[in-house]
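First comes the structure, then the notes that go with it.
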Amino acid sequence: MQQVMRFISGALSVYMILIFIRVLMTWFQGANYGRAMEILRSVTDPYLYWFRRFPFLRAGSMDFSPLAALIVLVIILNITNRLALTGSISLGIVLAIIVGSIWGAVGWVLTFFFILVLIRFITLLFRASMVSPFIQTLDIIIAPILRYFSRVILRGQNVTYQTGLALSGAILLLTRLLGNLVFYQIQGLLASLPF
(Lines give C-alpha, C1' and ligand atoms only; values in the text may rest on other atoms or scores of the structure.)
Protein backbone atom coordinates (compact mmCIF):
# COMPACT_ATOMS: atom_id res chain seq x y z
CA MET A 1 0.00 0.00 0.00
CA GLN A 2 2.78 2.46 0.89
CA GLN A 3 4.54 1.79 -2.43
CA VAL A 4 1.32 2.54 -4.33
CA MET A 5 0.87 5.76 -2.35
CA ARG A 6 4.46 6.80 -3.16
CA PHE A 7 3.78 6.25 -6.86
CA ILE A 8 0.52 8.23 -6.69
CA SER A 9 2.30 11.03 -4.80
CA GLY A 10 4.97 11.22 -7.47
CA ALA A 11 2.42 11.25 -10.28
CA LEU A 12 0.41 13.98 -8.52
CA SER A 13 3.55 16.07 -8.03
CA VAL A 14 4.36 15.86 -11.75
CA TYR A 15 0.76 16.69 -12.68
CA MET A 16 0.78 19.73 -10.38
CA ILE A 17 3.95 20.98 -12.07
CA LEU A 18 2.30 20.54 -15.47
CA ILE A 19 -0.76 22.49 -14.31
CA PHE A 20 1.45 25.24 -12.92
CA ILE A 21 3.31 25.48 -16.25
CA ARG A 22 -0.02 25.55 -18.10
CA VAL A 23 -1.29 28.39 -15.90
CA LEU A 24 1.93 30.35 -16.43
CA MET A 25 1.59 29.89 -20.19
CA THR A 26 -1.82 31.59 -20.11
CA TRP A 27 -0.09 34.76 -18.92
CA PHE A 28 1.76 34.98 -22.25
CA GLN A 29 -1.05 34.98 -24.79
CA GLY A 30 -0.17 34.90 -28.45
CA ALA A 31 3.10 33.02 -28.09
CA ASN A 32 3.35 29.91 -30.23
CA TYR A 33 4.63 26.97 -28.20
CA GLY A 34 3.90 24.36 -30.85
CA ARG A 35 3.17 20.69 -30.28
CA ALA A 36 4.41 20.71 -26.67
CA MET A 37 1.68 23.21 -25.74
CA GLU A 38 -0.97 21.10 -27.48
CA ILE A 39 0.08 18.06 -25.45
CA LEU A 40 0.16 20.10 -22.25
CA ARG A 41 -3.35 21.44 -22.96
CA SER A 42 -4.72 17.98 -23.67
CA VAL A 43 -3.35 16.71 -20.34
CA THR A 44 -4.28 19.63 -18.07
CA ASP A 45 -7.25 21.47 -19.58
CA PRO A 46 -9.94 18.83 -18.88
CA TYR A 47 -9.13 19.00 -15.17
CA LEU A 48 -8.85 22.81 -15.14
CA TYR A 49 -12.08 23.27 -17.12
CA TRP A 50 -13.98 21.29 -14.52
CA PHE A 51 -13.22 24.07 -11.99
CA ARG A 52 -13.88 26.91 -14.45
CA ARG A 53 -17.55 26.05 -14.52
CA PHE A 54 -18.01 27.43 -10.98
CA PRO A 55 -18.77 31.18 -11.22
CA PHE A 56 -17.89 31.88 -7.57
CA LEU A 57 -14.24 31.12 -8.44
CA ARG A 58 -14.11 34.30 -10.53
CA ALA A 59 -13.96 37.81 -9.11
CA GLY A 60 -13.87 40.50 -11.77
CA SER A 61 -10.90 39.85 -14.02
CA MET A 62 -9.38 37.39 -11.54
CA ASP A 63 -9.92 33.66 -12.15
CA PHE A 64 -9.26 31.57 -9.05
CA SER A 65 -10.29 28.26 -10.63
CA PRO A 66 -6.67 27.14 -11.24
CA LEU A 67 -5.95 27.85 -7.57
CA ALA A 68 -8.95 25.73 -6.54
CA ALA A 69 -7.76 22.97 -8.87
CA LEU A 70 -4.32 23.05 -7.28
CA ILE A 71 -5.79 23.07 -3.74
CA VAL A 72 -7.64 19.84 -4.46
CA LEU A 73 -4.46 18.26 -5.79
CA VAL A 74 -2.47 19.48 -2.76
CA ILE A 75 -5.04 17.92 -0.42
CA ILE A 76 -4.90 14.60 -2.26
CA LEU A 77 -1.10 14.78 -2.42
CA ASN A 78 -0.82 15.42 1.32
CA ILE A 79 -3.15 12.52 2.07
CA THR A 80 -1.19 10.15 -0.17
CA ASN A 81 2.11 11.38 1.31
CA ARG A 82 0.78 10.68 4.79
CA LEU A 83 -0.34 7.20 3.72
CA ALA A 84 3.01 6.56 2.03
CA LEU A 85 4.85 7.64 5.17
CA THR A 86 2.80 5.97 7.91
CA GLY A 87 0.54 3.51 6.13
CA SER A 88 -2.52 4.85 7.98
CA ILE A 89 -4.54 8.03 8.35
CA SER A 90 -7.34 9.28 10.56
CA LEU A 91 -10.32 11.51 9.85
CA GLY A 92 -8.75 14.17 12.08
CA ILE A 93 -5.57 14.16 9.98
CA VAL A 94 -7.62 14.40 6.76
CA LEU A 95 -9.57 17.36 8.17
CA ALA A 96 -6.31 18.99 9.32
CA ILE A 97 -4.84 18.54 5.83
CA ILE A 98 -7.93 20.07 4.22
CA VAL A 99 -7.97 23.06 6.60
CA GLY A 100 -4.22 23.57 6.20
CA SER A 101 -4.38 23.39 2.41
CA ILE A 102 -7.29 25.80 2.16
CA TRP A 103 -5.69 28.27 4.55
CA GLY A 104 -2.40 27.94 2.67
CA ALA A 105 -4.12 29.00 -0.54
CA VAL A 106 -6.09 31.81 1.12
CA GLY A 107 -2.92 32.99 2.84
CA TRP A 108 -1.09 32.97 -0.47
CA VAL A 109 -3.82 35.11 -2.07
CA LEU A 110 -3.76 37.54 0.88
CA THR A 111 0.02 37.83 0.65
CA PHE A 112 -0.12 38.29 -3.13
CA PHE A 113 -2.62 41.14 -2.86
CA PHE A 114 -0.72 42.66 0.07
CA ILE A 115 2.43 42.78 -2.07
CA LEU A 116 0.53 44.35 -4.98
CA VAL A 117 -1.04 46.97 -2.69
CA LEU A 118 2.37 47.66 -1.12
CA ILE A 119 4.01 48.08 -4.53
CA ARG A 120 1.21 50.45 -5.61
CA PHE A 121 1.53 52.42 -2.34
CA ILE A 122 5.29 52.80 -2.88
CA THR A 123 4.81 53.90 -6.50
CA LEU A 124 2.30 56.48 -5.28
CA LEU A 125 4.78 57.80 -2.71
CA PHE A 126 7.44 58.16 -5.39
CA ARG A 127 4.90 59.72 -7.78
CA ALA A 128 5.36 57.14 -10.52
CA SER A 129 3.71 57.89 -13.85
CA MET A 130 0.00 57.08 -13.76
CA VAL A 131 0.03 56.28 -17.49
CA SER A 132 2.54 53.49 -17.07
CA PRO A 133 1.05 50.16 -18.21
CA PHE A 134 2.44 48.53 -15.07
CA ILE A 135 0.69 51.04 -12.79
CA GLN A 136 -2.55 50.76 -14.75
CA THR A 137 -2.45 46.96 -14.48
CA LEU A 138 -1.82 47.18 -10.74
CA ASP A 139 -4.77 49.54 -10.35
CA ILE A 140 -7.06 47.18 -12.28
CA ILE A 141 -6.01 44.16 -10.19
CA ILE A 142 -6.34 45.82 -6.77
CA ALA A 143 -9.44 47.93 -7.53
CA PRO A 144 -11.94 45.25 -6.38
CA ILE A 145 -10.17 44.94 -3.03
CA LEU A 146 -10.07 48.69 -2.51
CA ARG A 147 -13.79 48.96 -3.37
CA TYR A 148 -14.66 46.09 -1.04
CA PHE A 149 -12.75 47.55 1.92
CA SER A 150 -14.15 51.00 1.21
CA ARG A 151 -17.69 49.65 1.17
CA VAL A 152 -17.40 47.28 4.16
CA ILE A 153 -14.86 48.89 6.48
CA LEU A 154 -15.26 52.58 5.67
CA ARG A 155 -18.98 52.26 4.88
CA GLY A 156 -18.56 54.24 1.66
CA GLN A 157 -16.66 57.19 3.14
CA ASN A 158 -14.47 59.02 0.67
CA VAL A 159 -10.77 58.72 1.41
CA THR A 160 -7.70 59.47 -0.65
CA TYR A 161 -6.30 56.74 -2.82
CA GLN A 162 -3.17 56.66 -0.65
CA THR A 163 -5.25 56.20 2.52
CA GLY A 164 -7.29 53.48 0.84
CA LEU A 165 -4.11 51.66 -0.15
CA ALA A 166 -2.62 51.97 3.34
CA LEU A 167 -5.82 50.73 4.97
CA SER A 168 -6.18 47.84 2.52
CA GLY A 169 -2.56 46.80 3.02
CA ALA A 170 -2.95 46.89 6.80
CA ILE A 171 -6.16 44.82 6.67
CA LEU A 172 -4.60 42.25 4.33
CA LEU A 173 -1.51 41.90 6.51
CA LEU A 174 -3.49 41.71 9.75
CA THR A 175 -5.87 39.13 8.27
CA ARG A 176 -2.91 37.04 7.15
CA LEU A 177 -1.21 37.14 10.54
CA LEU A 178 -4.35 36.50 12.60
CA GLY A 179 -5.44 33.81 10.17
CA ASN A 180 -2.12 32.02 10.70
CA LEU A 181 -2.70 31.97 14.46
CA VAL A 182 -6.30 30.79 14.22
CA PHE A 183 -5.93 28.22 11.45
CA TYR A 184 -2.77 26.64 12.83
CA GLN A 185 -4.57 26.17 16.16
CA ILE A 186 -7.56 24.63 14.38
CA GLN A 187 -5.28 22.41 12.32
CA GLY A 188 -3.48 21.21 15.45
CA LEU A 189 -6.78 20.44 17.21
CA LEU A 190 -8.07 18.50 14.21
CA ALA A 191 -4.84 16.50 13.86
CA SER A 192 -5.04 15.45 17.51
CA LEU A 193 -8.58 14.05 17.21
CA PRO A 194 -8.63 10.40 18.26
CA PHE A 195 -10.58 9.22 15.19
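The values are calculated or read from the model by the stated rules, or taken from the named source; none is laboratory data. Bear in mind the structure is a predicted one, so any value in this text is a computation, not a measurement. No Cβ is skipped: glycine too gets one built from the backbone with ideal geometry, and neighbour counts run over all protein chains shown. Ligands, DNA and RNA are stripped out before the accessible areas are found, and what is left, the full protein with its side chains, is counted by its heavy atoms. Shrake-Rupley method; radii C 1.70, N 1.55, O 1.52, S 1.80 Å.
Against the criterion of being closer than 24 Å to Leu110 by Cα, hydrophobic (A, V, I, L, M, F, W, C) and part of a helix (DSSP H, G or I), Leu18 does not qualify.
Quick one: would you say Val74 is assigned to a helix (DSSP H, G or I) and touching a residue at least 60 places away in the same chain (Cβ under 8 Å)?
For Val74, the condition - assigned to a helix (DSSP H, G or I) and touching a residue at least 60 places away in the same chain (Cβ under 8 Å) - is not met.
Applying a threshold of 9 Å to beta carbon distances and a minimum spacing of six or more residues, or different chains, the list of pairs starting in the stretch 166-195 at a residue that is of a type in the set (Val, Ile, Thr) and modelled with pLDDT under 95 and ending at one that is in a loop (DSSP other than H, G, I, E, B) and surrounded by fewer than 14 Cβ atoms within 10 Å (Cβ to Cβ) reads Ile171/Ile153.
Taking Gln187, is it in a helix (DSSP H, G or I) and open to solvent by 60 Å² or more (accessible area, probe 1.4 Å)? Here the answer is no, as Gln187 does not meet what is asked. Looking at the stretch 52-62, is at least one residue more than 29 Å from Ala191 (Cα to Cα), open to solvent by 50 Å² or more (accessible area, probe 1.4 Å) and among the aromatic types (Phe, Trp, Tyr)? For the stretch 52-62, residues more than 29 Å from Ala191 (Cα to Cα), open to solvent by 50 Å² or more (accessible area, probe 1.4 Å) and among the aromatic types (Phe, Trp, Tyr): present. Taking the listed residues Met37, Met5, the one that is over 22 Å from Phe113 (Cβ atoms), in contact with a Gly (Cβ under 9 Å, 6 or more places away or on another chain), modelled with pLDDT under 90 and aliphatic (A, V, I, L, M) is Met5, with no other qualifying. For Arg127, state whether it is surrounded by fewer than 17 Cβ atoms within 10 Å (Cβ to Cβ) and part of a loop (DSSP other than H, G, I, E, B). Yes, satisfied. When the stretch 1-24 is limited to residues that are over 21 Å from Thr80 (Cβ atoms) and open to solvent by less than 50 Å² (accessible area, probe 1.4 Å), the one that is nearest to the chain's Cα centre (by Cα) turns out to be Val23.
Taking into account only those residues within the stretch 133-150 that are among the β-branched types (Val, Ile, Thr) and over 18 Å from Ala166 (Cβ atoms), which is most open to solvent (accessible area, probe 1.4 Å)? Among those that are among the β-branched types (Val, Ile, Thr) and over 18 Å from Ala166 (Cβ atoms), it is Ile140. Could you tell me which residue of the stretch 89-124 is surrounded by the fewest Cβ atoms within 10 Å (Cβ to Cβ), considering only residues that are without any contact (Cβ under 8 Å) to a residue 12 or more places away in the chain and more than 14 Å from the chain's Cα centre (by Cα)? The residue in question is Ile122. When the criteria are applied in full, Leu146 meets the requirement of being of a type in the set (A, V, I, L, M), closer than 15 Å to Met62 by Cα and in contact with a Gly (Cβ under 9 Å, 6 or more places away or on another chain). I'd like to know if the stretch 174-182 contains one or more residues that are surrounded by 16 or more Cβ atoms within 10 Å (Cβ to Cβ) and in a helix (DSSP H, G or I). Within the stretch 174-182, one or more residues are surrounded by 16 or more Cβ atoms within 10 Å (Cβ to Cβ) and in a helix (DSSP H, G or I).
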